[in-house]
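Below: one structure, written as structure tokens.
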Amino acid sequence: MTAAAELDSTFGRWPYNHYFQFVRDKDTKNITVKCTLCAKPKDLSTSRNSTSNLSKHLARCHANIKLVPKRKQTEDESGEKTKQQKLTFSRSATLEPREVRRLVAEYVVEDMLPLSTVDSPSFRNIVSKIPIQGSNDKHVLPSRKTFTKDLDKAYAIMAKELKRTIEAQHHVSTTADIWSANNRSYLGVTVHWIDGETLERRKAAIACRRFRGRHTFDKIAAEIEDIFSEYGLTHDKVTACVTDNGSNFVKCFKEYQYVESEEEEEKEEEVEEGEGEVQFTDLHSLLLTAEDEDAQAGLCVLPPHHRCAAHTLNLIANNEVDKWLATNPESRAVYRSATAKCSGLWTKTSRSTVASDCLEEFGEKKLIVPTVTRWNSFYDAYARITGMPLTAINNLCTQFQIKCFNDREYQFLKEYCAIMKPFTVALDILQGEDTCFYGTLQPTLEVLMAKTLALKNGLSPMTTGLPEVIVGAIKTRFAATIDSKAALLASVSLPKFKLRWVKEEIRRDQITFLLTTECRSLPSEEPAAPMPDAPQPATVTPSEEDFFSFEEQVSVSLDAPMSVEMEVTSYLNSAPVMESLHLFPRIKRIALRYNAPTPSSAPVERLFSLGSLVLTPKRNRLGDGRFQRLLLMRFNRYFSEGGGIG
């Protein structure tokens, strides 16, 4: 081993190699050295590409010696030695101009910066310091106009790839909503599906289009249908479109939703009964009438509609719960007085800097100010107040010149937070994306109602009837969802739940029969693929793990083809992991179809949250098309996922 080769090896670059003396090459992969710290040095063998043996030797034999790493010293132009090594960029350390443009595009899009950033002299000065192969800053970093054209080309490539991906899926779902900001309205649409190989949730934003005029149901239907047509989303591919409970969206899908109607069958029966009679009709009038009917109704054909479960629960908290507390004789007075005093605290601490400073003396956490559109914020705000001792709260009220809380009001807030705790956990679960499927909705509602009713014991007369009110409101507002075919098949085909959430034996048999019938309606599949070794359950949050607590089932492994009954029975006894679906091809197809939708429209709400960071008041000249392209590339993480600029 030559000296140059020794320096190029891992041992040569190791900062503690000066405590060892190179002896010889042992073989092509190992070398022999001697420790200079040992009284009787012995030959030590170590790998050329690893110094772990030598590190263990120092730790074991010379632990009492303070080891000092070797500092490489270089000489500057004056001949003096410097402690820091000079940086030199070799040919391999330089970047290609294309890669630099891609990194700049990722920086601008991901951080939602103005496109004029590329024209900033300070930014161009930073880019000029990057070593680039055979070019300079003027050629690498284009002007804003050229950079904008490059982003448009990248967006076209992203849209083309997304259309190809959606076309390859058998079942997808969408979410839609309308967002208004800076005197403009936008219709946002996201698409979701389950990867058939990895069984992981996938999502993408396909539109955030300017919506002009009134938000009427017919205009919404026309815009949604146009977006769906652009990406080839037909009614048989889209299993459901999830929106909020707005009357315009509800009527939109009620009027234009595709239904395999029985009217056509009735017309066919009428034709068969009267086929002996001959009637003459004006063909020209018939064609004109048909064209008018197609223009009015045939152009808009929308998929099935699901109402956002999180928004529905939010309505229960804001309407039924508040109405009962405000009208119940036992809770009316204490509810009004307690909420009024809480509102006074929130107003004082949010508007006064002196009050905010005073709050820091009593606790490390500030008070949470709730917002009307997010009910969970009200619970968090009440829980933050009840988390403080009553004496500390009243001391604050005294300094803020607000009426103090009495024991009855403090107890009411405590009981209110205890009753609504499962409600908030259910809301957080249903607003998830990566591990939340439509099959999560039914078990969540069942567990929520059971946990809420279990809190009845020990409540004071102020809140003793609140659990029944919540459960009754859930059954009323989710009447169309509970025990529906789509919801039941989605839950039972999700390995995490299966039938573990069903208590009644009769209902378990009914759902099992429903799953068996659905499997029989599917064509025969190829033999089941082998399941990966030791599949792990999906990652869940601690609150979700505490919310769901079911008995574990014994896992089974099958290699031979199965009948429908055997496949259903074996699946229900298999391990509760998503990867187990690979063993059951029929149930896997059912899961991919019915679990494609999300329980809530939270994804499109998150799209609008990003939109508010892109469409800022200072960027009011940003065009609608440019805004959509920038937002979709950011939401889809196009550049972060490997996309680039040609």
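Reported count of residues in the stretch 235-263, each being open to solvent by 60 Å² or more (accessible area, probe 1.4 Å), in contact (Cβ under 8 Å) with a residue 24 or more places away in the chain and assigned to a loop (DSSP other than H, G, I, E, B), is 2.
Mind listing just one residue for me: the one in the stretch 432-460 that is of a type in the set (S, T, N, Q) and surrounded by fewer than 22 Cβ atoms within 10 Å (Cβ to Cβ) and, of those, nearest to the chain's Cα centre (by Cα)? Going through the qualifying residues, I end up with Thr435. Within the stretch 294-313, being at pLDDT below 90 and surrounded by fewer than 20 Cβ atoms within 10 Å (Cβ to Cβ) holds for Asp294, Ala295, Gln296, Ala297, Gly298, Leu299, Val301.
Taken residue by residue, the stretch 134-142 has no member that is outside any loop (DSSP other than H, G, I, E, B), closer than 30 Å to Lys588 by Cβ and either open to solvent by 70 Å² or more (accessible area, probe 1.4 Å) or modelled with pLDDT of 90 or more (or both).
Tell me, yes or no, whether the stretch 634-642 has at least one residue that is over 30 Å from Lys485 (Cβ atoms), under 20 Å from the mean Cα position of the chain (by Cα), in a loop (DSSP other than H, G, I, E, B) and of a type in the set (Ser, Thr, Tyr). Yes: the stretch 634-642 contains one or more residues that are over 30 Å from Lys485 (Cβ atoms), under 20 Å from the mean Cα position of the chain (by Cα), in a loop (DSSP other than H, G, I, E, B) and of a type in the set (Ser, Thr, Tyr). Against the criterion of being at pLDDT 80 or above, outside any loop (DSSP other than H, G, I, E, B) and touching a helix residue (DSSP H, G or I) at 6+ places or on another chain (Cβ under 6 Å), Thr32 does not qualify.
Could you check the stretch 208-251 and list, in sequence order, the residues that are of a type in the set (Asp, Glu) and closer than 19 Å to Gly611 by Cβ? Across the stretch 208-251, the qualifying residues are Glu223, Asp244.
Criterion applied to Leu494, Leu499, Leu489 was being at pLDDT 75 or above and in contact with a Gly (Cβ under 6 Å, 6 or more places away or on another chain), and the one residue passing it is Leu494.
Of the residues making up the stretch 465-480, just one is under 13 Å from Met420 (Cα atoms) and open to solvent by 50 Å² or more (accessible area, probe 1.4 Å), namely Glu468.
Among the residues of the stretch 316-337, those that are within 30 Å of Lys219 (Cα to Cα) and touching a helix residue (DSSP H, G or I) at 6+ places or on another chain (Cβ under 7 Å) comprise Ile316, Asn318. Against the list (1) modelled with pLDDT of 90 or more; (2) part of a helix (DSSP H, G or I); (3) out of contact with any Cys (no Cβ under 8 Å at 6 or more places or on another chain); (4) not hydroxyl-bearing (Ser, Thr, Tyr), the condition Pro329 fails is (2). I'd like to know if the stretch 156-175 contains one or more residues that are open to solvent by 10 Å² or more (accessible area, probe 1.4 Å), part of a helix (DSSP H, G or I) and touching a helix residue (DSSP H, G or I) at 6+ places or on another chain (Cβ under 7 Å). The answer is yes, given that some residue of the stretch 156-175 is open to solvent by 10 Å² or more (accessible area, probe 1.4 Å), part of a helix (DSSP H, G or I) and touching a helix residue (DSSP H, G or I) at 6+ places or on another chain (Cβ under 7 Å). Taking the criterion of being touching a residue at least 60 places away in the same chain (Cβ under 8 Å), open to solvent by less than 20 Å² (accessible area, probe 1.4 Å) and part of a helix (DSSP H, G or I), the residues of the stretch 372-415 that qualify are Trp375, Glu409, Phe412, Leu413.
Within the stretch 584-627, restricting attention to residues that are in a loop (DSSP other than H, G, I, E, B) and without any contact (Cβ under 8 Å) to a residue 12 or more places away in the chain, the residue that is surrounded by the most Cβ atoms within 10 Å (Cβ to Cβ) is Leu622. Restricting the search to the stretch 476-513, which residues are under 26 Å from the mean Cα position of the chain (by Cα), of a type in the set (Ser, Thr, Tyr) and in a helix (DSSP H, G or I)? Matches in the stretch 476-513: Ser491 only.
Scanning the stretch 6-24 for residues that are at pLDDT below 75 and either more than 47 Å from the chain's Cα centre (by Cα) or charged (D, E, K, R) (or both) returns Glu6, Leu7, Asp8.
Considering Val604, Val577, the condition of being of a type in the set (Val, Ile, Thr) and closer than 24 Å to Met158 by Cα is satisfied by Val604 alone. All told, Asn318 falls short of being within 27 Å of Gln257 (Cβ to Cβ) and part of a helix (DSSP H, G or I). Residues of the stretch 354-399 that are aromatic (Phe, Trp, Tyr) and modelled with pLDDT of 85 or more: Phe378, Tyr379, Tyr382.
Among the residues of the stretch 35-49, just one is within 11 Å of Phe11 (Cβ to Cβ), at pLDDT 80 or above and either open to solvent by 50 Å² or more (accessible area, probe 1.4 Å) or among the β-branched types (Val, Ile, Thr) (or both), namely Thr46. Here is the figure for the stretch 92-122: residues that are part of a helix (DSSP H, G or I), out of contact with any Lys or Arg (no Cβ under 7 Å at 6 or more places or on another chain) and among the small types (Gly, Ala, Ser) total 4.
The values are calculated or read from the model by the stated rules, or taken from the named source; none is laboratory data. All values reported here derive from a predicted model rather than from experimental measurement. Glycine gets a Cβ as well: all are built from the backbone with ideal geometry, and neighbour counts include every protein chain shown. Ligands, DNA and RNA are excluded from the accessible area calculation, which covers all protein heavy atoms including side chains. Shrake-Rupley method; radii C 1.70, N 1.55, O 1.52, S 1.80 Å.
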